[in-house]
Amino acid sequence: MKKLLLSVGLSATLLMSTTINAADYVIDSKGAHASVNFKVSHLGYSFIKGRFNDFDGTFSYDPKDITASTVKVNIDTTSLDSNHAERDKHLRSDDFINAKQFSNAVFVSNKVSDAGKGKLIIAGDLTLHGKTVPITIDAMLIGEGQDPWGGTRAGFSGTTRLELADFGIKVMGSSSYVDMELHIEGVKK
């Protein structure tokens, strides 16, 4: 009986120690330490770059078990900002992302894989313009550790390409896609 209790106690301790390694973070968008950016070709001659100013989210990261990591991000599509008010009004209109009707975009991961040397592959579903489509984000751990205010932070960068037709969004000029560039820094809860 003592051996059984000792075995159960040891198993519970080992199980708890693996769950303690996973850390939950809140994305630091309020402190402007994170950004959701986009780049789209302009007539094949140049690029228009912009960002979504309002977003929030969380992630869980476990460096010892990357597959236990998760990500969820909410983006306010009405906050699209390409540094040109008239263009932004047009991009937010029903000609393109229809931010009035579809004011929220959401990404939820369903699998995080370790690609080695700090690189991650984050697979999940992006809901944008009323359609949910699986996407993959190529990500990289930038760093993790203590901040000057006594907290713990972790930061990542990532890229993905979104095909506009997959979301029922009209082609913008000569480009059928938009490239997303993500910089995410989280503060441990």
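The values are calculated or read from the model by the stated rules, or taken from the named source; none is laboratory data. All values derive from a computational prediction rather than experimental measurement. Neighbour counts are summed over all protein chains in view; Cβ atoms, including those assigned to glycine, are modelled from backbone coordinates with ideal geometry. Just the protein is used for accessible areas: all its heavy atoms, side chains included, with ligands, DNA and RNA removed. Shrake-Rupley method; radii C 1.70, N 1.55, O 1.52, S 1.80 Å.
Counting the residues of region 29-51 that are part of a strand (DSSP E or B), touching a residue at least 60 places away in the same chain (Cβ under 8 Å) and more than 21 Å from Thr152 (Cβ to Cβ) gives 7. Once region 23-75 is narrowed to residues that are modelled with pLDDT under 95 and aromatic (Phe, Trp, Tyr), the residue that is surrounded by the fewest Cβ atoms within 10 Å (Cβ to Cβ) is Tyr45. Condition check: open to solvent by 60 Å² or more (accessible area, probe 1.4 Å) and modelled with pLDDT under 95. Does Ser11 satisfy that? When the stated conditions are applied, Ser11 passes them. Residues that are of a type in the set (A, V, I, L, M) number at least 1 in the following strands (runs of 3 or more DSSP E) confined to region 52-161: 70-76, 104-116, 119-128, 131-146. Of all the criteria given as (1) polar (S, T, N, Q); (2) within 29 Å of Asp88 (Cβ to Cβ); (3) surrounded by fewer than 13 Cβ atoms within 10 Å (Cβ to Cβ), the one not satisfied by Gln146 is (2). When each of Asp95, Asp114, Asp88 is tested for being more than 18 Å from Ile27 (Cβ to Cβ) and open to solvent by 70 Å² or more (accessible area, probe 1.4 Å), the lone residue that passes is Asp114. Within region 158-173, if we keep just the residues that are of a type in the set (Gly, Ala, Ser) and open to solvent by less than 70 Å² (accessible area, probe 1.4 Å), the residue that is farthest from Ile97 (Cα to Cα) turns out to be Gly158. State whether the residues of region 149-157 include one that is surrounded by fewer than 16 Cβ atoms within 10 Å (Cβ to Cβ) and touching a Ser or Thr at 6+ places or on another chain (Cβ under 9 Å). No, the conditions are met nowhere in region 149-157.
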